[in-house]
Amino acid sequence: MALSLSLVLIAASVVVIGAVAGDDSNGDTGPSAASDPTETPTVRPAPAEPPPPAPVDTFDRAAHSLDDPMSIWVVVNKLRPLTPQDFEPPDLVDVPVEHTNEPLLRQEASDAVVSMFQAAFDEAGLELASNSAYRSYSAQENVYDGDDLTTARPGFSEHQTGLTIDIGPLSGECSLDPCLAELPEGIWLRDNAWRFGFILRYPADKTPVTGYSFEPWHFRYVGVPLATEMHETGVVTLEEFFGLPAAPDYG
């Protein structure tokens with residue numbers, strides 16, 4: 001009798017335990033709750049995109065002197081005269097191109113001019129001519145007319161470096177005149193001179209920086225690496241590129 005009662009009690013316990021294990025206080029079993037089609041899934045934000053790497057300026061701005069008159073990067077303006085002021089480059093040569101006044105330039109700049117004039121003819125059928133190139137201190141004394149917006153004082157002229165040339169059409173149309181900017185010759189020079197190491201030194205909207213009015217004929221040789229870097233970065237004056245003070249007036 002005792003054994004039978006024990007078996008009955010054990011069986012009852014199993015039933016109670018099974019009922020408790022299967023019970024859910026919310027009335028749902030695990031599998032059915034997980035598959036409930038009305039449940040809204042948790043939206044997780046997409047991982048943030050990493051910021052793009054900052055551009056690294058690899059151009060060596062100290063490759064050449066800005067003060068040495070023999071440097072192709074020498075910066076000459078109303079605050080930066082040549083030193084000495086009567087400087088004359090020792091490597092001046094004749095520039096074998098069409099001209100109105102016989103041009104002299106430093107050898108490197110002369111070679112670049114020849115290549116540029118030839119490219120203008122080969123690529124666009126344009127015939128260019130030199131209107132002025134190297135001018136000595138004494139020649140600049142004769143050129144300077146007292147108008148500081150249009151001519152440089154002796155000792156402050158880029159022409160004295162032997163790296164600057166004034167260019168116009170062989171026809172003479174708009175030579176040394178702002179209207180050159182509207183001619184095919186002026187447009188081609190504006191868009192292509194950098195390929196040969198030249199920059200348009202006195203742009204139309206940079207008089208407060210350079211101190212001179214627009215001269216679409218005035219091109220300064222700085223070498224292909226610097227001219228290319230200025231073209232690609234969109235910085236159009238030497239003062240701004242090298243972080244130098246603007247030079248609207250003589251100091």
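Observations, loosely collected:
- When 164, 233 are checked against the criterion of being over 20 Å from residue 98 (Cβ atoms), hydroxyl-bearing (Ser, Thr, Tyr) and out of contact with any Leu (no Cβ under 7 Å at 6 or more places or on another chain), 233 stands alone in meeting it.
- Scanning the stretch 225-251 for residues that are within 23 Å of residue 70 (Cα to Cα) and in contact with a Phe, Trp or Tyr (Cβ under 7 Å, 6 or more places away or on another chain) turns up 226, 227, 228, 229, 230.
- Scanning the stretch 102-153 for residues that are closer than 25 Å to residue 223 by Cβ, assigned to a loop (DSSP other than H, G, I, E, B) and either among the basic types (Lys, Arg) or modelled with pLDDT under 95 (or both) yields a total of 1.
- Residues satisfying the stated conditions in the stretch 225-251, i.e. part of a loop (DSSP other than H, G, I, E, B) and buried (at least 16 other Cβ atoms within 10 Å of the Cβ): 236, 237, 244, 246, 247, 248
- Checked against the criteria, residue 122 does not count as in contact with a strand residue (DSSP E or B) (Cβ under 8 Å, 6 or more places away or on another chain) and farther than 15 Å from residue 212 by Cβ.
- Within the stretch 74-94, being free of Cβ contacts under 8 Å to residues at least 40 places away in the same chain, surrounded by fewer than 17 Cβ atoms within 10 Å (Cβ to Cβ) and over 20 Å from residue 249 (Cβ atoms) holds for 84, 90, 94.
For (1) acidic (Asp, Glu); (2) crowded, with 20+ Cβ neighbours inside 10 Å; (3) in a loop (DSSP other than H, G, I, E, B); (4) out of contact with any Pro (no Cβ under 8 Å at 6 or more places or on another chain), each residue gets a yes or a no:
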| site | (1), (2), (3), (4) |
| --- | --- |
| 188 | no, no, no, yes |
| 193 | no, yes, no, yes |
| 203 | no, no, yes, yes |
| 219 | no, yes, no, yes |
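- Condition met for residue 130 (hydroxyl-bearing (Ser, Thr, Tyr) and in contact with a His (Cβ under 7 Å, 6 or more places away or on another chain)): yes
- Residue in the stretch 184-198 that is over 18 Å from residue 113 (Cα atoms), among the hydrophobic types (A, V, I, L, M, F, W, C) and modelled with pLDDT of 95 or more present: no
- Test: residue in the stretch 200-207 that is among the aliphatic types (A, V, I, L, M), under 15 Å from the mean Cα position of the chain (by Cα) and under 19 Å from residue 69 (Cβ atoms): no
- Some residue of the stretch 126-142 being out of contact with any strand residue (DSSP E or B) (no Cβ under 6 Å at 6 or more places or on another chain), under 26 Å from residue 183 (Cβ atoms) and among the polar types (S, T, N, Q): no
- Reported count of residues in the stretch 95-118, each being among the aliphatic types (A, V, I, L, M) and surrounded by fewer than 17 Cβ atoms within 10 Å (Cβ to Cβ), is 1.
The values are calculated or read from the model by the stated rules, or taken from the named source; none is laboratory data. In this text the structure is predicted, and so the values were computed from the model without any measurement. FYI the Cβ positions are ideal-geometry reconstructions off the backbone, even for glycines, and counts take in every protein chain you see.
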